[in-house]
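Before any comments, here is the structure.
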Amino acid sequence: MDIVTALWFLIMRKKTNISTILIQKAVKKTRPTASLKSSSTVTQGPVSTAPHEAGQVTKTRTPKQLQSLRGMRDILPSEQSYWQFLKEKCLRLSEEYGFERIDVPVLEAASLFERAIGKVTDIVEKEMFTFPDRGGDSVTLRPEFTAGAARAYLEHGFMNQPQPVKWYYEGSVYRYQRPQYGRQREFHQWGFEIFGDAHPVIDASLMMLAANLYADLGLPVTLQLNSVGDVVCRAAYEKVLLDYYRSHRRDLCEDCIQRTHRNPLRLLDCKQEQCQPIKAEAPQFVDHLCEACRDHLMKILEYLDELDISYVLNPYLVRGLDYYTRTVFEVWSQDDEMGRTALAGGGRYDRLLETLGGRPTPACGLSIGMEVAIIKMKESNIEVPVPSRPAVFIAQLGEPAKRKAIRLFEELRRSGVKVAASFSKDGLKAQMDAADKLGVRYAVILGQKEIMDGTIIIRDMEAGIQEIYDFKKIIPEIHKKLEVKSVVHQKAADYISDKQAD
């Protein structure tokens, strides 16, 4: 052996001894029981919220230009488990009921909503985010989804497809309103639209879908429904209603005085205390329905009875959009003092497509309020699954070990193991602290000695025991320890088989 080779062996022996000492020191400082204390359970309980926030956290003082706008809010990582849980429930029902997904633009021509929703509604007059674009056209951030879905149905010729057309969608909508319980200026909806079928069983099926969703979420609810008639009987009812309210004009609030001139049905939706005695004695729409609308409503009630879905026939329910005909409904939470938090709403709009320039096409829809559902879940202490934590953490010491660790990370991930690492950290103690905080079951450790020997250390973070294994057998050994099995992990078994064949 020449002197150069001898010196090289002496240097490498010192390095590997240092590597071993560092590993021993780092893992000794990791308490065996620490991962049990820091680990999370498989469910997540309620988070304290302000009345209008779905999971508000304490904010630090920041310059105003760095804060979110009023009525806009961030959905933080700590809240995502609720959102994921709710979306998974909505998606499952969407697919089970035969709906296909559509995504419509967040920005539309302002005229679309003016025509669809109605120019004299509060949404169009007071709540829409409308502004001129750089070309001078008036555009609006969508305040709801139905108008955009109806436009898409007409624009892409779906009236020529087999009917009914059943779509679902989800996303954010925007209304310039006072931030309130479960409703910011940006809020989120999951919705359903059915175009091309006038049968009342369609209305009942959407109510059934809503009832099943809240049953799946564990939220007690009440279905409220009404009929607002159609073009045949609405005009006659509005005349009767106006005659009644004008006889009480001196006792009305200012908003209701304006409604007598512009939007009579909205009189029934007034929340002002002074108008409640007047509303209680107002003529009811169900007593003035034409025969066709009355028959439509009765068939819906028969279907709901057959499905054992309880409901309340609410003569004051009208909703805030002009496009509704016949059926309107809302899903209310049962646990409110006032019993009036609307979790979802919908109805029939058989004239909307014609209003937008299409041929007469019956349609019906349902919209789910996401924020308010999550708030109610938290208030009801409903627990939701949280994402599984990593099972393995890879720690490395030295540049050669880091290169090996990066490759091992990818191989473990591809084999089906949820793995974590902190490759930017060089100190072993910092990496082991990170593993401890993540609550992983095992840490695998690569140092320079392990690189030379072709070995790797597996440390049981709960038991505080570590063993040395052949590096080439690390993946099957990890799977054995994690008890990866069955069809769910067939991908892992196939991967291991391929590696052993190599």
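Points to keep in mind about this one:
- Tail fraction, Cα-Cα pairs, region 182-328, threshold 28 Å, whole percent: 28 percent
- Using θ = phi - 60° in the Karplus curve 6.51 cos²θ - 1.76 cosθ + 1.60, the 3J(HN,Hα) couplings for region 354-369 round to 5, 4, 8, x, x, 7, x, 9, x, 7, 8, x, 8, 10, 9, x Hz; x is entered for Gly and Pro.
- Cα gyration tensor, region 100-250 - rounded (a/c under 1.5), prolate or oblate: rounded
- In region 234-283, the ratio of gyration radius to Kirkwood radius, Rg to Rh, stands at 0.90 when only Cα atoms are counted.
- Whole-Å distance, taken between Cα centres, linking region 195-246 and region 274-346: 5 Å
- Summing charges over all other residues whose Cβ lies under 11 Å from the Cβ of Gln224, with Lys and Arg as +1 and Asp and Glu as -1, gives +1.
- Computed from backbone phi with θ = phi - 60° and the Karplus coefficients 6.51, -1.76 and 1.60, the 3J(HN,Hα) list for region 165-181 is 9, 10, 10, 10, 7, 7, x, 9, 10, 9, 9, 7, 9, 5, x, 9, 4 Hz; x is used for glycine and proline.
- Under a 5 Å amide H cut-off, with hydrogens placed 1.01 Å from N, Val173 pairs with Phe187, His188, Gln189 among residues at least 5 apart or on other chains.
- Ranked from largest, the principal axis spans of the Cα set of region 274-426 equal 83, 44, 35 Å.
- Whole-Hz ³J(HN,Hα) from phi, Karplus 6.51 cos²θ - 1.76 cosθ + 1.60, for region 131-138, glycine and proline x: 7, x, 7, 5, x, x, 7, 7
- Region 156-207, Cα convex hull volume normalised per residue, Å³: 120 Å³
Every read-out reported here was derived from the displayed coordinates using simple, explicitly stated rules and does not represent laboratory data. The model shown is predicted, which means the values in this text are computed figures rather than measured ones. FYI the Cβ positions are ideal-geometry reconstructions off the backbone, even for glycines, and counts take in every protein chain you see.
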